[in-house]
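To start, the structure itself, in structure tokens.
Read-outs throughout are calculated quantities, based only on the coordinates presented, and are distinct from any laboratory measurement. Note that the structure is a prediction, hence the values are computed from the model and not measured. Backbone-built Cβ (ideal geometry, glycine too); neighbour counts: all protein chains shown.
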Amino acid sequence: MTDMNDTAAPADLPTPTVEAVSAPQSPATDTILRPTPGNPAPEDFTTGYFTGHRGTKIRYAVFRSKTVPAKGTIVLLQGRNEFIEKYFETIRELNAMGLWVATYDLRGQGGSARLKKNPKKGHVRQFSDYEKDLEIFLEQVVLPDTRLPFFLIAHSTGALIALSAAPRLSNRISRMALLAPYVGFHGQEMPERLVRPLVTALRWTGLGGLQLGGDKRMIPFERNGLTGDRARFERNIGLYRDLTDLTVSAPTATWVHTTLKAASRVSAQAHLTRITIPTLILAPVLDGVVPYRLQEDLSRNFRAAQLITVTGARHELLQEKDIYRAQAMAAIETFMPGLDGGIELSETAA
């Protein structure tokens, strides 16, 4: 059913396959990324746009490590209402480990094309659009322009995309680290068990473009379920304030419907047994968005995965206090091949 009174913006029309890919840039010369005084960009990168599924213009960046030869490339998938600039700190640390980082803004957010006339609506037409964008990115940017082997780090909605696409990625992605994968939610005004039938009804009556919930981007630190680190929280609030055009507000009913449907599908054992990529699930126990219980349940049915519990951490592990964030980064560094050590986990599912 088509959403009523709300159609795709003109920016979603077809464009060339790869548009305006820049030469190697520095923060002083690039015009696509948006560093701020309190959030400087890494030193060596390429930026540009590629054409995603159905002609959607997607902003991307590739950040190069000074280590020669590089130890591989991380494909970094963001969560809902995130953008490349929010990950500058993490990208610098991954570069220091000898890893390149290739990342992009999900369709409908960040510097990528919006999907509604109202650019603040967090929307996706159907979940498979996210997966097709990832596959296009791997084929047209990561494979020709970065360094093997390829690994994947994904947070929240990005981790849901990775889980859904993973059965088709085993010949391209060597290992995955999924941080607080979005396989359900809690801490909202309405419980998930009531939201599911509501969004289904709204979508099938042509009201899928309605937004659910208010704009929570500027929530006070004391009430946030994302991080216990005040400095990083305030830095991100500053980014939302200074780079407001990169942000979205509440999701549409269609976004909630299609992501919850995908969450149920990827959590089923039938799907998880098809994933053979060795995977870490990094689960924060005090996650204010995705219940820890659901992340633990996911790991029980996921034979190629190992659960690492981060006690005391909230939803955004890479934006957390150093004591929790360091655990996540250390697990990633140990797990990715080519680095010292290694977590014992078979390269394929048993």
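So what is the relative contact order for the chain, in percent, with contacts set as C-alpha pairs under 8 Å and at least six apart? Averaging sequence separation for qualifying contacts and normalising by length gives 17 percent for the chain.
In plain terms, the residue of Arg196, Arg300 with the fewest other Cβ atoms within 10 Å comes first and the most crowded comes last, giving Arg300, Arg196. Helix-only arithmetic for the chain: the sum of -39500 (n - 2.57) across DSSP H runs with n ≥ 4, divided by the residue total, places the mean residue ellipticity at 222 nm at -8000 deg cm²/dmol.
Please tell me the relative contact order of region 218-350 in percent, rounded to the nearest whole number, where contacts are Cα pairs under 8 Å and at least six residues apart.
Values: 163 pairs, mean separation 37.7, N = 133.
After rounding, I find 28 percent.
If you place +1 on the Cβ of every Lys and Arg, -1 on the Cβ of every Asp and Glu, and leave all else neutral, what size is the dipole of the chain about its Cα centre, to the nearest 20 Debye?
Values: 41 positive and 36 negative charges, 156 e Å.
Roughly 740 debye for the chain.
Distant-in-sequence amide contacts of Ser249, defined by a placed amide H-H separation under 5 Å and a gap of 5 or more residues or a different chain, comprise Lys121, Gly122. Ordering Thr279, Thr73, Thr258, Thr334 from the fewest to the most neighbouring beta carbons within 10 Å gives Thr334, Thr258, Thr73, Thr279. Taking a straight line from the alpha carbon of Lys57, these lysines sit under 22 Å away, with near neighbours fewer than eight places off in the same chain left out: Lys86, Lys116, Lys117, Lys120, Lys121, Lys132. Taking other Cβ atoms within 10 Å as a rough exposure proxy, Val124, Val285 sort from fewest to most as Val285, Val124. For Gly228, nonlocal amide neighbours, meaning residues 5 or more places apart or on other chains whose placed amide H falls under 5 Å from its own, are Arg314, Lys321.
Go ahead and run the numbers for FRET between Thr273 and Ala201, Cβ-Cβ distance against an R0 of 22 Å, rounding to 0.05.
Values: r = 33 Å, r/R0 = 1.48.
Given R0 = 22 Å and the Cβ-Cβ separation, E is 0.10.
With the simple model of a label 7 Å out from the Cα in the direction of the Cβ, Glu189 to Asp245 spans 3.0 nm.
Potential lengthening of the chain between Ser264 and Glu89 amounts to 59.8 nm, from the contour at 0.36 nm per residue minus the alpha-carbon distance.
Derived scalar couplings between HN and Hα for region 159-168 equal 5, 5, 4, 4, 4, 5, 7, 3, x, 9 Hz in order, rounded to whole Hz, by the Karplus curve 6.51 cos²θ - 1.76 cosθ + 1.60 (θ = phi - 60°), x for Gly and Pro. In this structure the amide hydrogen of Leu33, modeled in the peptide plane, comes within under 5 Å of no amide hydrogen from residues 5 or more places off or on another chain. Reported to the nearest whole Å, the Cα centre-to-centre distance from region 112-130 to region 132-183 is 20.
Rg over Rh for the chain works out to 0.93, using Cα positions for both radii and the Kirkwood form for Rh.
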